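Engineer: Okay, here's the structure, questions in a sec.
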Amino acid sequence: MCTARRDSARRVRGGARSRGRSVGARSSSQCSRCAPPRRPGVPWQQFTEREDRIVATRTAPETTVDEVLAELGALEDPKIRAVNERHGDDHGVNLTQLRAVAKRVGMQPDLARELWATGDSAARLVAILTSRPRSYSAPELDEMLREARVPKVHDWLLNYLVQKGPHADELRAAWFADPDPIVASAGWSLTAKHVAAAPDDIDADGLLDIIEREMKDAPARLQWSMNEVLAAVGIHRSDLRARAIAIGERLEVLKDYPTAPNCTSPYAPLWIAEIVRRREGSS
């Protein structure tokens, strides 16, 4: 890592450690009418708490790993698998049906750990949905995230367990400058949520310095998360909005990204302008 990035990363991590602020709040930089366009390798409709939140709040009669795997196997659909594989995911279970399995299983932390240990992506998604965030230590979550190479598993783990648990800020700081770009993308994604929740509680100038130097050539998933931070700074820090927009215009990251009608473009200058317009229009 270059000296400039290491110093900037230390300032960013230091702000979180010195204040102990949580990053648990959902980023309000997301489109209020629709989920933002997907990350590279992630199905179109990105995770949102409202869409994917499971109702598995009661402990159901004890279920075995083999029973869950058999149920998921019976739900396997080759057409769904083919679509998912185009986005980097390796399961063929409809997510509505998968959530129904998790609801039936209920909150069973021990079973969830056993399901995770199978390495099967569909089983890991059920494990995430049937876990309590506070059941995991920071080292456990770190190990799980490093194992979670499949985009959907990575996103659900980050959003359902890490972000909602007590170790979010600790892990955000630990992952932010990790040499593994997929792990680092998790740190940047949590940083975007931190900026949205507490925009004055972080070195936003330092973040923009790193983005300006490194986002253009970053690997796709890390680039996406860095772009989320760029947009979050532009939306939530009016004093840095002009700089964030200028960086986005100069780098042109995701400028030509295909965007569905009525959805917000992930191109930072357009994303910032649209969300600011909505916020100001509703005030």
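The values are calculated or read from the model by the stated rules, or taken from the named source; none is laboratory data. Not measured: the values here are computed from a predicted model. All Cβ positions, glycine included, derive from the backbone under ideal geometry; neighbour counts span all protein chains shown.
Engineer: Quick one: is residue 205 surrounded by fewer than 22 Cβ atoms within 10 Å (Cβ to Cβ) and assigned to a helix (DSSP H, G or I)?
Structural biologist: Spelling it out, residue 205 is indeed surrounded by fewer than 22 Cβ atoms within 10 Å (Cβ to Cβ) and assigned to a helix (DSSP H, G or I).
Engineer: Within the set of pairs 6+ apart or on separate chains, which have a first residue in region 215-234 that is within 17 Å of residue 256 (Cβ to Cβ) and charged (D, E, K, R), a second that is at pLDDT 95 or above and assigned to a helix (DSSP H, G or I), and C-beta atoms under 7 Å apart?
Structural biologist: Here the result reads 216/251, each pair linking region 215-234 to a residue that is at pLDDT 95 or above and assigned to a helix (DSSP H, G or I).
Engineer: Kindly indicate whether residue 265 is surrounded by 16 or more Cβ atoms within 10 Å (Cβ to Cβ), small (Gly, Ala, Ser), within 21 Å of the chain's Cα centre (by Cα) and under 25 Å from residue 150 (Cβ atoms).
Structural biologist: No: the conditions fail for residue 265.
Engineer: Can you list the helices (runs of 4 or more DSSP H) found entirely within region 83-173 that contain at least 2 residues being in contact with a Phe, Trp or Tyr (Cβ under 7 Å, 6 or more places away or on another chain) and of a type in the set (A, V, I, L, M)?
Structural biologist: Helices (runs of 4 or more DSSP H) meeting the threshold: 121-129.
Engineer: So in region 233-252, with the set limited to residues that are among the hydrophobic types (A, V, I, L, M, F, W, C) and either within 14 Å of residue 210 (Cβ to Cβ) or in contact with a His (Cβ under 7 Å, 6 or more places away or on another chain) (or both), which one is surrounded by the fewest Cβ atoms within 10 Å (Cβ to Cβ)?
Structural biologist: Ranking the candidates gives 240 first.
Engineer: Restricting attention to region 58-78, which residues are free of Cβ contacts under 8 Å to residues at least 12 places away in the same chain and in a helix (DSSP H, G or I)?
Structural biologist: 66, 67, 70, 73, 74
Engineer: Read through the list (1) modelled with pLDDT of 95 or more; (2) farther than 27 Å from residue 141 by Cα; (3) surrounded by fewer than 19 Cβ atoms within 10 Å (Cβ to Cβ), then give the number of the only condition that residue 282 fails.
Structural biologist: (1)
Engineer: Restricting to region 254-283, count the residues that are without any contact (Cβ under 8 Å) to a residue 40 or more places away in the chain, closer than 19 Å to residue 215 by Cβ and assigned to a loop (DSSP other than H, G, I, E, B).
Structural biologist: Counting residues in region 254-283 that are without any contact (Cβ under 8 Å) to a residue 40 or more places away in the chain, closer than 19 Å to residue 215 by Cβ and assigned to a loop (DSSP other than H, G, I, E, B) gives 4.
Engineer: Does residue 234 meet the test of being more than 24 Å from residue 182 (Cβ to Cβ), of a type outside the set (A, V, I, L, M, F, W, C), within 22 Å of the chain's Cα centre (by Cα) and in a helix (DSSP H, G or I)?
Structural biologist: Yes: the conditions hold for residue 234.
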